[in-house]
Amino acid sequence: MRIAAAMGLVGLAFIPLAGQAADDSVIERGRYLTRAADCYVCHTAEGGAAYAGGRPLKTPFGTIYGTNITPDDETGIGLYSEEDFYRALHAGEARDGHQLYPAMPYTTYRLLTREDTNAIYHYLMSLEPVEHEAPDSELNFPFNQRWGLVFWNLLFLESGSFEPNPERSETWNRGRYLATALGHCGECHTPRGFMGQTQEDKYLGGSNLGRIWPPDITPQALAERGWTPDKLASYLSLGLSRLGAANGEMFPAVIHGTRYLTDADLDALISYLLTGVETPKTPSETIASADPKQAEGDPAPARLTYMNLCSGCHRSNGEGIPHTIVPLTSNSTLRLEDPHNLIAVLLDGIPLQDFPGHARMQAMPGYAQQLDDSQMAELVNYLRTTWGGQPGDVSVDDVAELRRSEARSAE
Amino acid sequence: MSIATRPLALTINGQQHGPIEVPVELMMLDYLHEYANLTGTRFGCGQGMCRACTVIVDQDDGSSHEMRTCITGAHYFNGRRIRTVEGHAQRDEDGEVLALAPIQQSFLEHYSFQCSYCAPGFVNAATVLIERLQREPVARDQLEDTISDALNDHICRCTGYVRYLAAVRDTILSTPGLVKEA
């Protein structure tokens, strides 16, 4: 693949520069790992300098701001040593000894090898220092008492490092390292307990963070929704696939993170995510449980709503428009048992998004104004039963609740 | 194979249309062109991006908003009241234009458009904005931003938007009651 080829070329270009070579190759490796670890998303404010911090992360305990990780002495990590940086990623301790909030996923990054944290460190240290003080966290009592994290860490910060599973292949173990340590998929996709800790017995089982809930991405759940290795490769490298386009928090995770993975790493990650799943030779793309075409007679109200408001883009047969509008016939969100994300998207819409390779998926309007709760519930059930293979069991109250929660968060 | 139809009745530019049997899958733009003989609404991108196909929907509470007719089914408008670009000018009993609406006149005077393909959408968007300002005037120092926000989604490939912005601003400033006194 092109990215892999480009990385190879970059590597070759540095070889003749003896002496300098080791440093530059470490920095280049650090750049790759920094992307694979998706540091950019939390440590870059909208419209702000890269890695200079300031992005708000809303948590149930209050708002935390991503810090400046450029090598500025005053406001960034300019005074950090390799060892300081390693401690921050492994023990959640800043250079001055204060405890980091676990929104910084040190409970996951602790699995990173020292070699990798060093490479990331040297890449970050090679950046231009940016003087920018990230805002202080705005947490409610008692969560604003950082010393309390000592006890939280006692409960939830495990010790030890990444241990490869000797019964699995090298590729699989690399994939597990990419998913767990670097990509920290579980930080969003694993449900959390009442103290904000990830529930490891439900690893990647889906959570309820934010407006769009990170879905269950355990191997069986992915396979049931139709995800195959080639579909996942397309989604993680381009943000697009027949099963849907990256949306919500996953969009920046793809754009700043997974798209940069080499072919080998992408294959490894996918082999881990689909552990134990037999890939059918001819994957079924459609879970058709009802025929959307009604040539004769008056259509049901939900079909008419679909024709009036959805079919202009998603087409009357749900096939969408290539490179512009996702198909619904094979859409992953329609196949989720919980209708939460489908309702949220129908209420709120999706902004216009630019994808790698000059692809662009156009904006989807929200229909909160056009459709009342009853019409929305009918439409959601129509979509679920027609293309999702899910029961039409969504109630008016389900829609009303999501409409209220959006109104609350907008206040 | 027969095409599924159902009756459609609506009000366009103050005139009752229908009830008439119309295909269930027909987009509103095609209804306007092929059934109502109103060809001023433009088919641009066909996927809801360019807004050349925008019409005005009038609500019972007196407010108005834009809808894109290339991606909205004709039957969505059943029982509703809409206005198209043909509905703005003053006309005599024979339908001949007596005077353009102020915003239309202003677009001409500012040479806001060249090829005119986007103009019907801009006329409708600007009209919706002016009607909103009649209900909710804005402060003078927010006017430019308000116009930009309201018209931002409409695409013009000829004049670079500046002339549209100037024309809408002039019309708003010369119409009493749209801008709050400081």
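The values are calculated or read from the model by the stated rules, or taken from the named source; none is laboratory data. Just so you know, these numbers come straight off a predicted model, no measurement behind them. All Cβ positions, glycine included, derive from the backbone under ideal geometry; neighbour counts span all protein chains shown. Areas reflect the complete protein model, heavy atoms only, side chains present, ligands, DNA and RNA absent. Shrake-Rupley method; radii C 1.70, N 1.55, O 1.52, S 1.80 Å.
Remarks
- Check on B:Ala52, open to solvent by less than 50 Å² (accessible area, probe 1.4 Å), away from chain A (no Cβ under 12 Å), in a loop (DSSP other than H, G, I, E, B) and of a type in the set (Gly, Ala, Ser): yes
- For the criterion of being in contact with a Ser or Thr (Cβ under 6 Å, 6 or more places away or on another chain) and away from chain A (no Cβ under 14 Å), B:His17 fails.
Table: residues versus (1) touching a His at 6+ places or on another chain (Cβ under 7 Å); (2) closer than 16 Å to B:Thr127 by Cβ.
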| position | (1), (2) |
| --- | --- |
| B:Ala36 | yes, no |
| B:Gln47 | no, no |
| B:Asp58 | no, yes |
| B:Thr72 | no, no |
| B:Gly87 | no, yes |
| B:Ile103 | no, yes |
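Conditions tested, residue by residue: (1) touching a strand residue (DSSP E or B) at 6+ places or on another chain (Cβ under 8 Å); (2) more than 20 Å from B:Val55 (Cβ to Cβ).
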residue: B:Leu98; (1), (2): yes, yes
residue: B:Pro102; (1), (2): no, no
residue: B:Leu133; (1), (2): yes, no
residue: B:Tyr164; (1), (2): no, no
residue: B:Glu181; (1), (2): no, yes
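- Residue within the range A:175-184 that is touching a Ser or Thr at 6+ places or on another chain (Cβ under 8 Å) and in a loop (DSSP other than H, G, I, E, B) present: yes
Residues checked against (1) open to solvent by 20 Å² or more (accessible area, probe 1.4 Å); (2) within 18 Å of the chain's Cα centre (by Cα):
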{"position": "A:Glu158", "(1), (2)": "yes, no"}
{"position": "A:Pro166", "(1), (2)": "yes, no"}
{"position": "A:Leu182", "(1), (2)": "no, yes"}
{"position": "A:Arg211", "(1), (2)": "yes, yes"}
{"position": "A:Pro229", "(1), (2)": "yes, yes"}
{"position": "A:Leu236", "(1), (2)": "no, yes"}
{"position": "A:Leu243", "(1), (2)": "no, yes"}
{"position": "A:Glu249", "(1), (2)": "yes, yes"}
{"position": "A:Val254", "(1), (2)": "no, yes"}
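- Taken together, A:Leu304, A:Leu371 contain a single residue that is without any contact (Cβ under 8 Å) to a residue 12 or more places away in the chain and within 11 Å of chain B (Cβ to nearest Cβ), which is A:Leu304.
- Flag for B:Asp60 being charged (D, E, K, R), outside any loop (DSSP other than H, G, I, E, B) and more than 9 Å from every other protein chain (Cβ to nearest Cβ): no
- Candidate set: the range A:60-89, residues that are under 20 Å from A:Asp136 (Cβ atoms) and among the acidic types (Asp, Glu); chosen: the one least open to solvent (accessible area, probe 1.4 Å): A:Asp72
- Single residue of A:Ala253, A:Ala233, A:Ala221 found to be closer than 18 Å to A:Leu334 by Cβ, of a type outside the set (S, T, N, Q) and assigned to a helix (DSSP H, G or I): A:Ala221
- Residue count, the range B:9-26 (criterion: out of contact with any helix residue (DSSP H, G or I) (no Cβ under 6 Å at 6 or more places or on another chain) and part of a strand (DSSP E or B)): 11
- The single condition from (1) β-branched (Val, Ile, Thr); (2) within 14 Å of another protein chain (Cβ to nearest Cβ); (3) open to solvent by less than 10 Å² (accessible area, probe 1.4 Å) that A:Ile321 fails is (3).
- Applying the condition of being in contact with a helix residue (DSSP H, G or I) (Cβ under 8 Å, 6 or more places away or on another chain) and free of Cβ contacts under 8 Å to residues at least 60 places away in the same chain to the range B:72-98 and asking which residue is farthest from the other protein chains (Cβ to nearest Cβ) yields B:Ala89.
- Scan of the range A:256-276 for residues that are part of a loop (DSSP other than H, G, I, E, B) and buried (at least 22 other Cβ atoms within 10 Å of the Cβ), ordered by number: A:Gly257, A:Leu261
- Test: residue in the range B:26-42 that is within 11 Å of chain A (Cβ to nearest Cβ) and touching an Asp or Glu at 6+ places or on another chain (Cβ under 8 Å): no
- Only listed residue being in contact (Cβ under 8 Å) with a residue 12 or more places away in the chain and under 19 Å from B:Met67 (Cβ atoms), chosen from A:Gly349, A:Gly312: A:Gly349
- Screening B:Ile3 with (1) at the interface with chain A (Cβ under 10 Å from one of its Cβ atoms); (2) open to solvent by less than 60 Å² (accessible area, probe 1.4 Å); (3) not in a strand (DSSP E or B) gives one miss only, at (2).
- Only one of B:Leu29, B:Leu8 that is under 30 Å from A:Leu352 (Cβ atoms) and either touching a strand residue (DSSP E or B) at 6+ places or on another chain (Cβ under 6 Å) or not assigned by TED's automatic domain parsing to the domain that holds B:Ser116 (or both): B:Leu29
- A:Leu309 vs. criteria out of contact with any strand residue (DSSP E or B) (no Cβ under 6 Å at 6 or more places or on another chain), facing chain B (nearest Cβ under 10 Å) and part of a helix (DSSP H, G or I): yes
- Restricting attention to the range B:115-174, the residues that are surrounded by fewer than 17 Cβ atoms within 10 Å (Cβ to Cβ) and aromatic (Phe, Trp, Tyr) add up to 0.
- Looking only at the range B:60-95, and only at residues there that are out of contact with any strand residue (DSSP E or B) (no Cβ under 7 Å at 6 or more places or on another chain) and closer than 18 Å to B:Ala150 by Cα, the one that is surrounded by the most Cβ atoms within 10 Å (Cβ to Cβ): B:Val85
- Meets criteria (assigned to a helix (DSSP H, G or I) and either within 14 Å of chain A (Cβ to nearest Cβ) or under 29 Å from A:Gly312 (Cβ atoms) (or both)) for B:Val123: yes
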